[in-house]
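Where a number appears in this text, it was derived from the coordinates with a stated rule and is not lab data. Fair warning: this is a prediction, and the values are worked out from it, not measured in the lab. Reconstructed Cβ throughout: ideal geometry from the backbone, glycine too, with neighbour counts over all protein chains shown.
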Amino acid sequence: MQQDPKNTQTGRLEPHTLLMRRYLILRTIGQGGMGAVYQAQDTKRHTFCAIKEMSLSMVPPPEREQAVKNFLTEAKMLLALKHSNLPGVTGYFTVGPRHFLVMEYIEGLTLDEYLARNNAPFSEARVSDWAQQLCDVLTYLHSQHPPIIFRDIKPGNIMLMRDNHVKLIDFGIARFFRHSISQDTQLLGTPGYAPPEQYGKAQTDERSDVYSLAMTLFQLMTNTLSEKGFGLTDVHSMYPDISLPVARALEKATALAPKDRYQSVEAFRRALFSDNTFLFESGEQAETAEELAELCARFSDEAADYLFTGEIETWLQKIGSANLARQTRNIRALHSDPDEAVDEFLHAVLGPNVRIRTGSGKQSTVTRSSPPRTDIPVAPPPHQSGEYRNSQEWTSRRPSPAIRVPQIVVEPLTLDFGAVYPGISGPLVLAITDTSGVHGTVATDEPWIQLDETSFDGISTLINVQVNSSLLRSATHYSGSITVMPDEEDEEQDITVKVEVDVLGRTGAYPDSGINGQNRAAAAGNRYLEEEDEAAVMASASGKPMSMDPPQNDVASISPRNKAHYEKYSAKYGEQTGGGSNAAYNGWEPLQASPLQRQRLQRGLTVFSSFMLASLFYTVLSQVPFLTHQSLLPPNPWFIVVLLGIVPAATLGALVVNWSRTWGMRNTIYRTCTGLSTALLVLTFCELAWQLLFQGHAPALQLFVMLLAAALGSVTGISPLVSARIINGVDWPLNRARWLVIGVWIASGGLLGFLLTIGFALSIFTFFGVLVGSLIALALVMCVDQL
């Protein structure tokens with residue numbers, strides 16, 4: 001592609017343009033006067049990314065040099081930002097007069113698009129969750145040194161993902177156009193959202209973002225926004241659905257003078273959603289646990305949602321009810337039935353003998369001994385004018401059928417990846433939900449379909465599905481399937497999800513020249529910075545399927561001799577698997593294993609690999625020259641080295657069998673750390689139990705048991721579910737008492753290392769055990785700390 005190198009207008013990059021001999025432009029996502037965004041494929045990582053281009057067309061020529069300097073300075077700053085509500089930035093580069101930022105590609109729609117689809121305002125309760133996330137990320141930006149002002153908050157710059165998670169987009173562009181001190185924001189902001197000072201010569205600060213955030217929330221809750229004038233007045237009287245506290249907070253946040261607004265996002269957050277208030281969709285609020293229990297009894301269905309999403313637990317922690325929060329967490333873990341969980345929560349708050357007054361005035365009593373009873377009024381459902389559901393105990397409001405029929409919902413039933421280039425595709429999300437909770441397994445017979453989870457448990461589970469088309473035949477359409485298997489006896493409950501993909505032809509060697517015809521030598525002089533460890537998985541764009549017929553097996557064309565073999569194997573093993581839709585994997589399958597059997601076989605192979613690699617470490621250590629003439633078994637203190645060495649060896653063995661290119665560097669590090677930690681923990685307890693029960697007898701059997709314990713511990717630790725729970729379990733206290741948690745964690749690791757050596761006399765090996773245990777704990781806690 002030939003372009004005028006002096007042309008600085010954005011949005012002119014055509015599909016298949018190659019930047020930096022790495023980023024292949026696929027399409028233009030968005031384009032404006034201040035920049036353009038492209039979807040591109042990272043040919044090095046085989047993932048999709050977003051490329052943002054900075055425009056100089058609206059910048060006066062004397063100020064372009066300063067604008068470029070600002071771009072380079074701010075690009076480096078963006079690379080250092082790590083927050084769950086910001087897209088990840090992995091690099092930046094300059095090609096001639098064009099400047100680009102490499103960012104995470106986010107799949108989803110903006111809140112502006114959702115608002116248009118909804119064609120009605122969102123409820124205050126729904127907007128409140130988004131507001132909390134936006135306050136979190138703005139507080140993070142404002143806490144940087146110097147503070148980072150977003151300056152263009154609006155629904156169109158907020159992306160909503162499938163899991164109700166929001167991300168601020170167009171962040172890089174918002175910081176690229178600060179021309180001078182006197183015109184800090186002249187080209188920034190959107191009418192209706194930007195504060196008055198953003199149109200004059202005043203500097204913007206945190207209060208400018210407070211104004212824009214308030215206007216954004218107002219539009220989401222009213223589906224209206226005036227682009228004339230500034231500020232909000234009489235919000236509650238004009239829109240009664242907005243509660244009075246929220247309306248007052250919006251009015252103060254949009255005051256014309258910055259000094260009259262909230263001086264920080266945190267102050268605005270406290271006014272919007274007081275930490276001592278729990279809001280229901282009806283507008284009723286609770287300030288104490290007892291008031292919350294009353295609302296939960298009146299609105300049990302809504303309460304069940306809050307209970308299972310963890311919102312009640314989080315609120316109880318905020319108001320200082322730590323014990324009740326722990327009980328709530330246990331209730332959520334032990335009860336899959338929503339009504340039973342709500343009932344148990346009411347017991348925990350109000351006592352075991354609480355009475356409930358139904359809609360008709362009758363009372364239901366739970367016959368347990370307890371302190372004085374409390375009456376709770378219960379509003380009847382809208383569709384019910386008589387008694388509330390029934391007049392029995394409120395702990396048995398829900399009928400108890402003999403057999404529970406799961407209302408499992410799997411969406412979508414077809415995953416169409418569209419046209420993809422050879423390699424690892426971006427993920428599509430498979431959602432498995434059941435209002436009463438469900439657990440089971442997910443499997444596929446196709447080796448080119450990759451799942452990040454093979455099990456589901458709970459009300460809702462999201463599974464990322466990717467396609468590895470690197471080994472598939474190009475220019476071919478493929479079909480496969482994923483089987484969702486609830487843990488029920490009836491196999492008819494199994495649900496099949498169809499997977500479709502079109503593999504494009506492999507790209508040939510790219511010319512050295514990229515955009516503007518620059519050669520390799522010129523490209524080598526470009527500025528480029530990237531974090532190699534950021535291997536985040538990007539979402540792919542879905543295109544229309546290609547109209548290509550798959551190759552078919554023509555039995556008639558087989559020679560008579562080969563046809564005899566074909567008929568022989570067909571009679572023995574059945575027809576070939578794969579067929580035309582899976583041409584790369586045509587052939588017979590002698591194993592004839594079901595998806596569940598394949599999953600169990602994979603787990604067994606993982607344990608075997610972990611056990612054998614740990615055994616290999618012992619064998620290699622025993623062949624060290626100065627150790628060949630002595631046994632490494634107890635009571636030899638070198639057995640401590642054996643125990644400490646089989647921990648990483650077993651973890652490596654488990655990773656070798658399960659590792660996938662879809663993991664990325666970060667996921668691999670996470671699973672390695674959790675695998676090491678669980679292997680050390682299980683091994684320590686097994687060693688203590690052995691010393692307690694057998695007191696060092698049967699050393700050969702002891703070695704076998706320790707090898708098996710390390711293998712089982714490491715396999716458990718690298719599993720996706722366990723690894724995620726460990727990471728989340730460490731992350732929660734780490735965010736609240738960082739240095740204390742780090743110190744306690746390292747001390748705990750050292751204690752495990754010491755306990756591993758408790759069957760031996762104190763020596764240098766004891767110190768070695770403490771050191772290794774501390775290092776494993778430090779690796780895990782620092783890994784989580786970098787989240």
Debye log10 I(q)/I(0) at q = 0.14, 0.24, 0.29 Å⁻¹ for region 720-787, Cα point scatterers: -0.46, -0.94, -1.16
Overall dimensions of region 630-752 by Cα: Rg and Dmax, Å: 16.0, 50
Other-chain or far-sequence residues with amide H under 5 Å of L633's (modelled H): none
Measuring from its Cα centre, region 1-159 shows a charge dipole (+1 at each Lys and Arg Cβ, -1 at each Asp and Glu Cβ) which, in debye to the nearest 20, is 520 debye
Counting other Cβ atoms within 10 Å, which trypsin sites (Lys or Arg not before Pro) in region 722-767 have at most 13 and lie in a DSSP loop? R736
Diffing region 252-267: the Karplus 3J(HN,Hα) column from phi (6.51, -1.76, 1.60, θ = phi - 60°), in whole Hz with x for Gly and Pro, holds 5, 5, 9, 4, 5, 8, x, 5, 8, 8, 5, 7, 7, 5, 5, 5
List the residues, sorted by chain then number, that are 5 or more residues from T90 or on another chain and whose placed amide H is less than 5 Å from its amide H. V102, M103, E104
Report, in whole Å, the centroid distance computed from the Cα atoms of region 39-112 and region 410-427. 26 Å
Hey, can you grab everything whose amide H is under 5 Å from the amide H of N223? Only 5+ residues off in sequence or another chain; H modelled, so Pro and N-termini drop out. F122
One would report the Cα pair-distance distribution of region 18-105, bin width 5 Å, in %, as 3, 14, 24, 24, 20, 11, 3, 1, 0
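Can you work out the FRET efficiency for the pair T619 and K498, with r the C-beta to C-beta distance and R0 = 51 Å, to the nearest 0.05? Write down the numbers at each step before the final one.
Numbers: r = 48 Å, r/R0 = 0.94.
Working from the Cβ atoms, E equals 0.60.
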